[in-house]
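Data block below; observations after.
The values are calculated or read from the model by the stated rules, or taken from the named source; none is laboratory data. Please read all numbers here as calculations on a predicted model, not as lab measurements. All Cβ positions, glycine included, derive from the backbone under ideal geometry; neighbour counts span all protein chains shown. Ligands, DNA and RNA are stripped out before the accessible areas are found, and what is left, the full protein with its side chains, is counted by its heavy atoms. Shrake-Rupley method; radii C 1.70, N 1.55, O 1.52, S 1.80 Å.
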Amino acid sequence: QVQLVESGGGLVQPGGSLRLSCAASTSFFSIYGWGWYRQPPGKQRELVAGITSGGVTNYADSVKGRFTISRDNAKNTMYLQMNSLKPEDTAVYYCNEYPASIFGWGQGTQVTVSS
């Protein structure tokens, strides 16, 4: 059973930055695509960004140019650098396999953008 642990969330002012991390407990980390998903208050979970095993990235239109997804296969860890944060980015952020999110969800990390 793959366990996913997200970290790095917090409270930030509009225009600020955060870097999220996702640690995955699998020795096959490098063969999977990985994605960041988020669930805003009262809304459904949505894909934010994905990165394939070959390093090809994909972003939701709402975060293009502001967020950057990356991965470190040696550390079994994935990252999401979030810049120019907006109040509408407020959500619980989760990581999972991309694009099918085949693993159980972790606890997520809360990101709150507010002045």
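Quick notes on this structure:
- The set of residues in the range 19-55 being open to solvent by less than 30 Å² (accessible area, probe 1.4 Å) and among the hydrophobic types (A, V, I, L, M, F, W, C) consists of LEU20, CYS22, ALA24, PHE29, TRP34, TRP36, VAL48, ALA49, ILE51.
- Considering each residue of the range 84-93 in turn, at least one proves to be in a strand (DSSP E or B), open to solvent by 30 Å² or more (accessible area, probe 1.4 Å) and closer than 16 Å to ARG45 by Cβ.
- Of residues in the range 61-72 being among the hydrophobic types (A, V, I, L, M, F, W, C) and assigned to a strand (DSSP E or B), the one surrounded by the most Cβ atoms within 10 Å (Cβ to Cβ): ILE69
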